[in-house]
Amino acid sequence: MFDSRHIRTFHEVVRTGSYSAAARELGYTQPAITQQMKALERSVGTPLFVRAGRRMRLTEAGETLARHAG
């Protein structure tokens, strides 16, 4: 079962495009966002994001979750 806070945070990361921007929008610290996304990835059992330089992109699993998270 997924934690609804993690899904809300995931949705904000996808919407804003970064952990830092999501943290600002949600009033969290960036490390708190990182920990929530790691917990969500553990729940899902697969990575949801891939770093590409300074950018971040969704994995196939991340894209699937993003379609349903909204």
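The values are calculated or read from the model by the stated rules, or taken from the named source; none is laboratory data. This one's a predicted model, so the numbers in the text were calculated from it and none came from an experiment. Every residue, glycine as well, gets a Cβ built from its backbone with ideal geometry; the counts of neighbours run over all protein chains shown.
Listing for the model above:
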item	result
Residues located in the range 24-40, provided they are without any contact (Cβ under 8 Å) to a residue 12 or more places away in the chain and within 18 Å of Ala66 (Cα to Cα)	Lys38
Breaking point among (1) touching a residue at least 60 places away in the same chain (Cβ under 8 Å); (2) of a type outside the set (Asp, Glu); (3) crowded, with 18+ Cβ neighbours inside 10 Å, for Ile7	(3)
Single residue of the range 39-52 satisfying the filter (outside any strand (DSSP E or B) and in contact with a strand residue (DSSP E or B) (Cβ under 9 Å, 6 or more places away or on another chain)) that is surrounded by the fewest Cβ atoms within 10 Å (Cβ to Cβ)	Glu41
Boolean, Arg15 is within 10 Å of the chain's Cα centre (by Cα), in a helix (DSSP H, G or I), of a type outside the set (Phe, Trp, Tyr) and surrounded by fewer than 15 Cβ atoms within 10 Å (Cβ to Cβ)	yes
The range 57-70 residues that are touching a residue at least 12 places away in the same chain (Cβ under 8 Å), paired with ones that are part of a strand (DSSP E or B) and surrounded by 15 or more Cβ atoms within 10 Å (Cβ to Cβ) (beta carbon under 7 Å, 6 or more apart)	Leu58/Phe49; Thr59/Phe49; Gly62/Phe49; Ala66/Leu58
Filter result for Arg55 (exposed (fewer than 13 other Cβ atoms within 10 Å of the Cβ) and out of contact with any Pro (no Cβ under 8 Å at 6 or more places or on another chain))	yes
Among (1) in a helix (DSSP H, G or I); (2) at pLDDT 95 or above; (3) not small (Gly, Ala, Ser), the one test that Arg67 misses	(2)
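Per-residue answers, yes or no, for (1) modelled with pLDDT of 95 or more; (2) of a type in the set (Ser, Thr, Tyr); (3) not in a helix (DSSP H, G or I):
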site	(1), (2), (3)
Met1	no, no, yes
Arg5	no, no, no
Ala23	yes, no, no
Ala32	yes, no, no
Met37	yes, no, no
Arg57	no, no, yes
